[in-house]
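Take a look at the structure set out below.
The values are calculated or read from the model by the stated rules, or taken from the named source; none is laboratory data. In this text the structure is predicted, and so the values were computed from the model without any measurement. With ideal geometry, Cβ positions are generated from the backbone for all residues, glycine too; neighbour counts draw on all protein chains shown. Side chains included, ligands, DNA and RNA excluded: accessible areas come from the protein's heavy atoms. Shrake-Rupley method; radii C 1.70, N 1.55, O 1.52, S 1.80 Å.
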Amino acid sequence: MQRVLIGTAAILLAAGSGFAVKVAARGANSTSVEPLPTYLKPVPMDVPGPDAAQPIIIDIPVDGTIYPPDLIAPQFAWRDSNPAAAVWRIEILFGEKKRPIQIWSTGEKMQIGPLDESLTGYVPPTLTPEQAADHTWRPDPKIWEEIKKHSVAQPAKVVITGFASQQARGPLSRAEASISTSREPVGAPIFYRDVPLIPPNPEIEQRGVIKPLPDSVLPKIKWQLRYVNQTESKVVMTNLPTCGNCHSFSRDGKTMGIDVDGPANDKGLYALVPIKKISTISNDYLLHWSAFSEEHAQKRFGFMSQVSPDGKYVVNSIDVPHAHGTRVVDRLYNGFYENYGFGQVFYPTRGVLAWYSKETGKLQPLPGADDPNYVQTSAFWSPDGKYLIYSRAAARDPYPAGYKRSTYANDPNETQIQYDLYKVPFNDGRGGIPERIIGASENGMSNNFPKVSPDGKWIIFVQCKNGLLMRPDSKLYIVPFEGGEARLLESNLPRMNSWHTFNPNGHWLAFSSKSPSLYTHLYLTHIDDQGHASPPVVVENATAANRAVNIPEFINLGPEGLDHIETPAIDFYREFDVAQQLQDAHKYADAVPAWKVAADKDPTDARPWNNMGVSLAASGKTSDAIAAYDKSLAMNNDSSQTHNNLGSALAEAGRFDEATTHIQKAIELDPDNGAAHINLGHLLEVTGHRQEAIEQLTQGMQIAPKNADGHGIYGAILAREGKMDEAIAELQQAVTLSPGSAECRYNLGRAFAAVSRFSEALPQFEAAAKITGGREPSILQMLAAMYSETGNYQQAVSIAQQALDLAEKQQNANLAADLRGNLARYQHQAEAAPASQNSPNR
């Protein structure tokens, strides 16, 4: 191992992608759950009105319910407080001159729906007390068609009467509710994710990583298509090794956009796919947001990406351009919670809007929504494509100083942010002046997820106390497109109302709610011309009872518009993920053949060869790493990253001239490549050009101020120049940025030792020895010296002996000779010192 203070340090390496640590599934028997906030407990479907004391309460349908004309027969449900009632007469009374429908029912008790038995580790679903008390009845298809046919012009009345028996003379209980059927059909199908809700493990959370499910569960996500005139949904895509989310569709239903968590769930991919009966996510339709990244700055990823109504553009939220060193953790707040219903929360605190053109292949910020002083996020198109409606708030740190970890959704310890809704002209990408939407801003609440009605008249949005979207207190509000008074939609349920979507005719809104249980349900509500909503109607059998509906979106398709979606491009990422996981776990010997498998899957992709080079270099196989980088550059000679990696490997091989050429090429390709500037500075120092080295290091640290290697190398140079106070400050910064780096710890320890601050040097060498597993004799040599300097002579003897054994095993004759001399001195000190001074606990 080479050290900055005593020789040439290793030049920096960069893998093809900055990938997240995986989150493992928690066991099914975990019981460490804190008491639930009130909002997490099961709730009734609706809050009973003043007549709640009457013997019968009709839970479904709620009085005033409007049904779509194309909906299958729903389940009716009621509670009867009279224990003597054993049979119920259900009457449907029509305002027209039509004979009433009368049916007797024994009122079967409500049951939990079928479970997905392939899942493990989930919390078993239960009925609420109200559901457990419910009796049910479902009209057969013929009766239901009659009910719908005769409840269009005038509402029909549902009357439920309880009797002891069908022969009983008098009723025991009675209640009624009015229903009607809309003239406007739902028509289009709903595309949605059907997801398991497996409790996450907060102990292995990682800031900046949006990951609500363990990796083992990802293949069990289903993408379903549901026509409301069908009894069940159709699975159109499943068994993916990664997650797809935030899907959206062009207004004509011919184009789908979907964020795809690419290799190692880096969220760096976006598929823009033509919709056909059999659609295909192939490499031809994949965009790499990472390709638009400023190298070694924040890797760009898809957040709430939305395809334009005409399918030509995609709007996205990206990091602030040229904000070098900004990481996901610096611009995205996320919290991990044990409760499965709200297992993770995430919302951006920095970022700007950018738009991608399918024609030009370019991604660029949208003027008017690119102010770095604000976070601009979660944008949605107006139906004509002329405006973008988005959320905006003052930019801030997601984890400010003194931040205390939150433990549940809406915990006051969550970083607070309240978004206002704004609209900005798209203007063919030229943008314009942003305009605050009156009624959806400056109201002390967080306003987000704005969807514009197809006629452009209304905006329906989510309002909550903090953050965005899937919050326990999320409610749906409606406001005129031009702004004005916002009204609470009448369809809101008690807990979490969000992920709403208009059908093509604009009269039906689908949305998700965690009422009555935490397993999210899909609902429909009718929106009239005045913007009023009807009581919600559940879309039954949308998923198993232990799964949840997520991200419903209407597609403007006919009855047989989409059969399934094939995913050949994602097969490559399956192999890419396997290799990356091995590399992230430092299993480099296993990662190398895994990268070869990924490379064979897509011979045109340069990244597996670049990343294979990283694993080879980390394994000490420098010549093989150079060959891998050469292959990568043969496919993509414009990669600043790979030129930098190749320069690193060449420097390790002592081929400094070639190394300099490639690192300079990396800077030429990307002047904002901070790591390349730092590498060049290091190389210049090694080759005796200190002033130029300092200039490059300074420039690199300005671009990437959180690069620990830059501070470490610069600190080493300052130490060599005798500027020890400045050197220690830089080296301390390096340790702060990379506490797990043995090199940083070692170099800081050397600096402390050089100015006789032995007690401060000792813990740095102890940490370095622990990080390297006690296998580096030069680290042990310094650790033994610090034990000697602090009077722990026996420990100095023990550590020096370990170091000597390693040096001899490694055939390092010079180091072994030095250690023999050191060992003799420590033994003499130990013999001369009092017994108490040699205590290992001293």
Determine, yes or no, whether ASN492 is at pLDDT 95 or above and open to solvent by 30 Å² or more (accessible area, probe 1.4 Å).
yes
Among residues of region 495-521, those that are open to solvent by less than 10 Å² (accessible area, probe 1.4 Å), part of a strand (DSSP E or B) and either among the charged types (D, E, K, R) or in contact with a Ser or Thr (Cβ under 6 Å, 6 or more places away or on another chain) (or both), counted:
5
Show me the helices (runs of 4 or more DSSP H) found entirely inside region 735-842 where at least 3 residues are closer than 27 Å to ASP709 by Cα and open to solvent by less than 10 Å² (accessible area, probe 1.4 Å).
742-754, 758-771, 777-789
Matching residues in region 52-73 (polar (S, T, N, Q) and either open to solvent by 20 Å² or more (accessible area, probe 1.4 Å) or not in a strand (DSSP E or B) (or both)) number 1
Taking region 645-668 and keeping residues of a type outside the set (Asp, Glu), in a helix (DSSP H, G or I) and open to solvent by 80 Å² or more (accessible area, probe 1.4 Å) leaves THR661, GLN664
Specify the residue that is modelled with the highest pLDDT; the eligible residues are those in region 198-212 that are under 15 Å from the mean Cα position of the chain (by Cα) and surrounded by 20 or more Cβ atoms within 10 Å (Cβ to Cβ).
PRO212
Would you check if LEU524 is open to solvent by less than 20 Å² (accessible area, probe 1.4 Å) and assigned to a loop (DSSP other than H, G, I, E, B)?
no
Hey, does region 321-336 have a residue that's modelled with pLDDT of 90 or more and open to solvent by 10 Å² or more (accessible area, probe 1.4 Å)?
no
Neighbours by Cβ (under 6 Å, 6+ apart or cross-chain): first from region 433-453, under 15 Å from GLN376 (Cβ atoms); second surrounded by fewer than 19 Cβ atoms within 10 Å (Cβ to Cβ):
ILE437/GLY483
Taking region 264-316 on its own, how many of its residues are within 27 Å of ALA606 (Cα to Cα), of a type in the set (S, T, N, Q), open to solvent by less than 20 Å² (accessible area, probe 1.4 Å) and at pLDDT 90 or above?
3
Members of region 214-259 that are open to solvent by less than 10 Å² (accessible area, probe 1.4 Å), part of a strand (DSSP E or B) and either of a type in the set (Val, Ile, Thr) or out of contact with any strand residue (DSSP E or B) (no Cβ under 9 Å at 6 or more places or on another chain) (or both)
VAL236, ILE258
What are the residues in region 575-624 that are surrounded by fewer than 17 Cβ atoms within 10 Å (Cβ to Cβ), among the acidic types (Asp, Glu) and at pLDDT below 85, if any?
ASP584
Selection within region 137-181 - in a helix (DSSP H, G or I), of a type in the set (Lys, Arg) and either in contact with a Leu (Cβ under 7 Å, 6 or more places away or on another chain) or open to solvent by 80 Å² or more (accessible area, probe 1.4 Å) (or both)
LYS142, LYS149
Is it the case that some residue within region 407-421 is hydrophobic (A, V, I, L, M, F, W, C) and more than 21 Å from MET496 (Cβ to Cβ)?
no
Do we find a residue being of a type outside the set (A, V, I, L, M) and at pLDDT below 95 anywhere in region 540-549?
no
With the requirement that a residue be part of a loop (DSSP other than H, G, I, E, B) and crowded, with 21+ Cβ neighbours inside 10 Å, what does region 473-485 give you?
SER474
In region 531-560, how many residues are open to solvent by 20 Å² or more (accessible area, probe 1.4 Å) and of a type in the set (Gly, Ala, Ser)?
3
Every residue in region 442-462 that is outside any strand (DSSP E or B) and open to solvent by less than 10 Å² (accessible area, probe 1.4 Å), please.
SER453
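Here's the yes/no breakdown for (1) part of a helix (DSSP H, G or I); (2) in contact (Cβ under 8 Å) with a residue 24 or more places away in the chain; (3) polar (S, T, N, Q):
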site	(1), (2), (3)
ILE678	yes, yes, no
GLU692	yes, no, no
GLN702	yes, yes, yes
GLU730	yes, no, no
How do the strands (runs of 3 or more DSSP E) wholly within region 74-128 filter down when requiring 2 or more residues that are among the polar types (S, T, N, Q) and either touching a strand residue (DSSP E or B) at 6+ places or on another chain (Cβ under 7 Å) or at pLDDT 95 or above (or both): which remain?
101-105
Considering GLY674, GLY712, GLY700, which residue is closer than 26 Å to LYS770 by Cα and under 34 Å from the mean Cα position of the chain (by Cα)?
GLY712
Hey, does region 653-666 have a residue that's out of contact with any Pro (no Cβ under 9 Å at 6 or more places or on another chain) and over 24 Å from ASN636 (Cα atoms)?
yes
Only one of VAL43, VAL47 is open to solvent by less than 50 Å² (accessible area, probe 1.4 Å), under 20 Å from HIS521 (Cα atoms) and at pLDDT below 90, namely VAL43
What is the residue count in region 430-440 for residues that are part of a loop (DSSP other than H, G, I, E, B) and either open to solvent by 10 Å² or more (accessible area, probe 1.4 Å) or touching a Cys at 6+ places or on another chain (Cβ under 9 Å) (or both)?
6
